[in-house]
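Below is one structure, written out as structure tokens; comments come after it.
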Amino acid sequence: MAEPAIETSSILPLRLESVSYEASGKRLIDGVTFDLRAGTRSVILGPNGAGKSLLLRLCHGLIRPSAGNVSWAAASGVAVPYRQAMVFQRPVLLRRSVAANVAYPLRLRRTPARERHARVEEALSRAGLSALAGRAARSLSGGEQQRLAIARAWVMRPEVLFLDEPTANLDPAAARAIESLIDGVHASGAKIVMTTHDLGQARRLADEILFLHRGHLLERADAATFFTKPKTAEASAFLKGDLSW
Ligand SMILES: Nc1ncnc2c1ncn2[C@@H]1O[C@H](COP(=O)(O)OP(=O)(O)OP(=O)(O)O)[C@@H](O)[C@H]1O
Ligand SMILES: [Mg+2]
């Protein structure tokens, strides 16, 4: 089957309505409602254990809510799974070359070879990995592996890119390289939804903040407002470095 024609109608906004998630008898996400619109970089911010990764997985459809609804605006027949990609904190790479990892999702969708090669080259170049194309993916450094994971997501030209703590465990220079790559993906037109517990990163990247604490969405605001006038005591404490789980 050839790749379906490019859809012009947007799958956004993504809407969460009273979404809860329970596991092991605990309510880990509690009654969260918001929508995510096209264009902006939305950052889910909160301390360790707040539920950021769970919330992102609920958005991406990797787990299902115990209660409430997650829905895309897409018209029926639009292949939503192909239009959103996710990058995990620890990239899962195939035991193949860097280029083969990027080509893999295109092969799955039977993209013709000529187009596949062009898109792989472009994605590698944008991620600064052209010189490493032939290397074994698993021999790359942590920062290079994370850039590869983003290149592999970007090659599909997703409308929405989800990233879960994409720079955790990276040194500041490698983290900045990831941040500029994320900016590049955003500039190419993709909606960015990412989690972080890193305030500096949230300040650098976020257009809007969704502040999560103990499974509750306590605040949602544009970034400037959140950082200068947080509404809750928890967010104020978090901004001062005083909030722990
Ligand atoms: N399957 C599960 N069963 C029980 N508890 C779980 C399960 N999955 C996650 N949790 C708990 O839910 C809470 C939220 O987890 P989550 O991974 O979403 O946090 P997080 O905000 O991403 O934290 P971090 O900043 O450390 O990545 C944690 O206390 C975690 O231990
Ligand atoms: Mg997490």
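We did not get these values from a lab; they are worked out from the coordinates using the rules stated. Source: prediction; values computed, not measured. So basically every Cβ, Gly included, is an ideal-geometry build from the backbone, and we count neighbours across all protein chains shown.
The set of residues in region 67-120 being charged (D, E, K, R) and within 16 Å of ligand 2 (Cβ to nearest atom) consists of R90 alone. For region 58-97, filtering for residues that are outside any loop (DSSP other than H, G, I, E, B) and touching a strand residue (DSSP E or B) at 6+ places or on another chain (Cβ under 9 Å) leaves 16.
In region 39-68, the residues that are in contact (Cβ under 8 Å) with a residue 60 or more places away in the chain form Cβ pairs under 7 Å with partners that are in a helix (DSSP H, G or I) and more than 7 Å from ligand 1 (Cβ to nearest atom), at six or more places apart or across chains, as follows: R41/H186; R41/L205; V43/A202; V43/L205; I44/L56; L45/A202; P47/F238.
Given the criteria within 16 Å of ligand 2 (Cβ to nearest atom), part of a helix (DSSP H, G or I) and either under 16 Å from the mean Cα position of the chain (by Cα) or surrounded by 20 or more Cβ atoms within 10 Å (Cβ to Cβ) (or both), does Q145 qualify? No, not satisfied. Please indicate, with yes or no, whether at least one residue in region 195-204 is assigned to a loop (DSSP other than H, G, I, E, B) and touching a residue at least 12 places away in the same chain (Cβ under 8 Å). Checked region 195-204: at least one residue is assigned to a loop (DSSP other than H, G, I, E, B) and touching a residue at least 12 places away in the same chain (Cβ under 8 Å). Scanning region 220-231 for any residue that is surrounded by 23 or more Cβ atoms within 10 Å (Cβ to Cβ) and under 26 Å from T111 (Cβ atoms) turns up nothing.
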